[in-house]
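J.: Next up is a structure, given as structure tokens.
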Amino acid sequence: PSLSPSPPPPAPPPPAPPPPPPPSASGAGGSNTCWRPIPEYDGKGMTYEMDHVAPFLRFATSATLTMTTMPDMALAPGPSYDYVAEADAVIANMATVDTAGELDEIRFFDGKLNVALGLIGTLLLGYGQSIEEIMFHSFGETSAVHDAGVAVWKNKLLNSRIRPTTVIHQLYPEDNLRLNDNMTVRGKHFQTIVRTMSHSEYPSGSAAVCAAIRDFVDALWPHLTLTMQGGEVSYSDAPFVILPNTLMANVPLTGAVNPAPGGLSAAAIAERCGATRELGGMHFSQSVPAGRKLAAGMGAEAAATLLSLLGPREGGVRQALGGSAPCAADCCAAVVECNATAQAICKARCAGRWDTPWFDVVLARVGALGAPSREAATEAPFFQADRNHIVIIGAMAGLVPAITDGYAFSFQTRFTNLVDQLVWNAFASNSERLQALLFGDATHRGVEPLVRSGQTSTDAKVVTAIHAIAAALPFFLPEAAGAFCAAPAPCFLLRPTIGLEPGLTAKCGSPLDGYPGVPMAEFDPEGGEWAVFPPEKAECLVAWHAEDAPGPSGLGQVVAFQLLWHRLRDGWNSMGLDGGCEGGPAYCLPYAEGRTQYNPQVGDCLEEELFPASPSPPPPSTSPSPSAEPVPPPSTSPSPSAELVPPPSASPSARPVLKPNDRPSVRPSVQPPPPTPPVPPPPSPPPP
């Protein structure tokens, strides 16, 4: 070792300057109204903040929607809030929530998949719809939700407004607030009843998508052949679109509590879906009406696009869709379970490659639909579910947990819509006239399927759909690969191949061939070249199916390949390849946001004071275009069904807030603390 003296330790750095004081409520130094992340805690010592979800959607156009046209963003201009009054209204609204039923309702509408699956469960158990009719509806419903969700996200990103949680933390950190269930917490510990997701407050995404659901159901369901207790019922006379909880206590697949003792109409879905966002503390008063206004008409447009996919037709939707009973539908379908010999005979009757495999449908109704016994499973409403219904339900059961586990709402809508699009295109490929729908064309016109199998049975449609979902799964939801069609799900009997067949990719390449890595910001608003499937790929897929895999498995692979080619280029960077990333999955993370560099501290919100010196907020800094109608101010007389509290303007006694500090009705004027004198740096140490 060296015997030279060690060098002296370096001089300690000067101490860091003290943190700036919190923003003043008096206006001097007050913060702006731009969205900012909300700190979150995992309960294990980790604190984190999330960037805004899906910032690339601010570049979305009609070409990035499935069935509709992008609405004018001026329909939802930036809000004009008195944040003190709005925060008080949020607290007051939450304080009215004091029953388990109210909490169940807030949680039910927080998960939009609960609404979608509630509608599906009602179409099956309440109105006796075939699997073709149910999946026809589902494709349109998830398209309306996807498109309205993308549109409202675009507006959220353009407006960038702060959430109630952040305002209350800053406004009343030490005040004791009375919230739901008569709980009392300090303002700095305030949380919403359900998690506030990492995106801008305005406008309400829930209000937008539920308005789209209402408009879609109102436009489509009159075309469906609804039956109840053996007789047809018109949509105008249908008592509900989601069954009462006495008939469907829990939502299929998600298990969420159905909060509606009398069922839900389409109008009630739209109204309560928005109102519960305010009761739960997630939104201020202008956000819900703005979301509804932005999405107005999108559901009806989705229904029109969906109906156009039926092609030339005579008669109603049921006749256009066609359909047939599963093979050996009545074989061993009674209360008493058949012995092994009888079951073997049933299985032998369904051995064709286009057949849905036979299984004990009565037992499956008990497992998949919650029928309490075999006897109940053969009676209303459960007897309406045949083997094809059960196969699709079992397949979805393998997807739903992965979709709902951690993914933000905008991503959930993309997954569910893609699955339904795969199913629909598989149905179209096993029909004479149904049109497929691709992605990326702003006109949203139906197209001829690449292959028509010559089959038209419901069995052929369902079996092909299962193979199509399995083929596409590694490209959009790989975490579900292990659970999809795993035993005991009936679709396990089909043994679908997860991913594209090696023989197909060896002959025709990959859906990612020529992947441009172009972000949504650079898209042609009309779709451009990426909306057109390459003719050479189309020819190869048709030849491969005819020569190497002419059955439903090969057809499902063709359906998946074609749709993946379009959906993987939709600007979401779902494969992590944008920007030329070549590091593999460890470095090229799906949905990685490296190219749009969104900064929420931008736009009109920068010019607004969160707590201005005046009790009234300044007027909004921008005006909507003359053609757009402004969002109306908060109503002082809320709808009786909403039971919401408007922002108070005078009387503090109406607010259910505990005020040990005698808090006045508006934010008290707080003088900023005196500046901290600078700390001189320590003297330098003497030389060694």
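The values are calculated or read from the model by the stated rules, or taken from the named source; none is laboratory data. All values reported here derive from a predicted model rather than from experimental measurement. So basically every Cβ, Gly included, is an ideal-geometry build from the backbone, and we count neighbours across all protein chains shown. For the accessible areas, the whole protein counts, side chains as well, though only heavy atoms, and no ligand, DNA or RNA atoms are used. Shrake-Rupley method; radii C 1.70, N 1.55, O 1.52, S 1.80 Å.
J.: Could you give me the ³J(HN,Hα) list for the range 184-194, computed from phi with Karplus coefficients 6.51, -1.76, 1.60 and θ = phi - 60°, whole Hz, x at Gly and Pro?
T.: In residue order, the calculated couplings are 10, 9, 6, x, 6, 9, 4, 9, 6, 5, 10 Hz.
J.: Just grab the label-to-label distance for VAL366 and LYS188, each label 7 Å out from Cα along the Cβ direction, in nm (one decimal).
T.: Each label point is offset 7 Å from its Cα along the Cβ direction, giving 5.7 nm.
J.: Report, to the nearest whole %, how much of the accessible area of the range 140-220 belongs to carbon and sulfur atoms, 1.4 Å probe, protein only.
T.: C and S atoms contribute 48 percent here.
J.: With every protein chain present, what is the per residue accessible area of the range 45-88 (1.4 Å probe, Å²)?
T.: Per residue, the range 45-88 has 32 Å² of solvent-accessible surface.
J.: Further, regarding this structure: Direction-averaged shadow area of the convex hull around the Cα atoms of the range 417-484, nm²? The partial results should precede the final answer.
T.: Numbers: hull surface 19.9 nm².
The directionally averaged projection comes out at 5.0 nm².
J.: Give the separation of the Cα centroids, the range 521-555 to the range 49-97, in Å.
T.: Measuring centre to centre over Cα atoms gives 37 Å.
J.: Given H placed 1.01 Å from N in the peptide plane, which residues other than close sequence neighbours of ASN250 have an amide H under 5 Å from its amide H?
T.: Answer set, sorted by chain and number: ASN258.
J.: I've got another one for you. Of ALA487, TRP530, HIS545, which is farthest on the positive side of the dipole of the range 487-566, counting Cα position, with +1 on Lys and Arg Cβ, -1 on Asp and Glu Cβ, and the Cα centre as origin?
T.: ALA487
J.: Given the Cα-Cα distance of ALA296 and GLU547 and 0.36 nm per residue of separation, how much length would full extension add, in nm?
T.: Extending this stretch completely gives an extra 85.5 nm.
J.: Projected area of the range 341-463, taken from the Cα convex hull and averaged over every viewing direction, in nm²? Mind showing how you got there, number by number?
T.: Details: hull surface 41.4 nm².
It is 10.3 nm².
J.: For the range 409-552, what does the equivalent ellipsoid look like in terms of its semi-axes, each the square root of 5 times an eigenvalue of the Cα gyration tensor, given largest first in whole Å?
T.: 24, 20, 17
J.: Compute the FRET efficiency between ALA351 and ASP330 as 1/(1 + (r/R0)^6), taking r as their Cβ-Cβ distance and R0 = 22 Å, and round to the nearest 0.05. Present the calculation step by step, with values, prior to reporting the outcome.
T.: Working: r = 17 Å, r/R0 = 0.79.
Once rounded, the FRET efficiency stands at 0.80.
J.: Viscosity 1.002 mPa s, temperature 20 °C: what is the translational diffusion coefficient of the range 165-270 from Stokes-Einstein with a Kirkwood Rh over Cα pairs, rounded to a whole number of µm²/s?
T.: 124 µm²/s
J.: Taking every pair of Cα atoms in the range 196-341, average 1/r, invert it to obtain the Kirkwood radius, and report Rg/Rh to two decimals.
T.: Answer for the range 196-341: 1.08.
J.: What pairs from LYS154/LYS188; LYS154/LYS293; LYS112/LYS156; LYS156/LYS293; LYS112/LYS461; LYS347/LYS507 go past 25 Å between their alpha carbons? List each step's numbers first, then the result.
T.: Numbers: LYS154/LYS188 30 Å; LYS154/LYS293 14 Å; LYS112/LYS156 18 Å; LYS156/LYS293 14 Å; LYS112/LYS461 27 Å; LYS347/LYS507 35 Å.
Violating the 25 Å Cα-Cα cut-off are LYS154/LYS188; LYS112/LYS461; LYS347/LYS507.
J.: Rg and Dmax of the range 322-371, Cα atoms, in Å?
T.: 11.4, 34
J.: Hey, if you drop one equal point scatterer on each alpha-carbon of the range 212-298 and run the Debye formula without solvent, what base-10 log of I(q)/I(0) do you get at q = 0.12, 0.17, 0.20, 0.24 Å⁻¹?
T.: -0.46, -0.87, -1.09, -1.25
J.: How large is Rg/Rh for the range 370-437, to two decimals, with Cα atoms and a Kirkwood Rh?
T.: 1.09
J.: To the nearest 20 debye, what is the magnitude of the charge dipole of the range 326-455 about its Cα centre, counting +1 on the Cβ of each Lys and Arg and -1 on the Cβ of each Asp and Glu?
T.: Details: 10 positive and 12 negative charges, 54 e Å.
That gives the range 326-455 a dipole magnitude of about 260 debye.
J.: Checking a compactness column here: for the range 35-146, what do you get for Rg(Cα) / (2.2 N^0.38 Å), N being the number of residues?
T.: Dividing the Cα radius of gyration by 2.2 N^0.38 Å gives 1.49.
J.: For the range 478-584, state the average projected area of the convex hull of the C-alpha atoms over all orientations, rounded to one decimal in nm².
T.: Its Cα hull, projected and averaged over all orientations, spans 8.1 nm².
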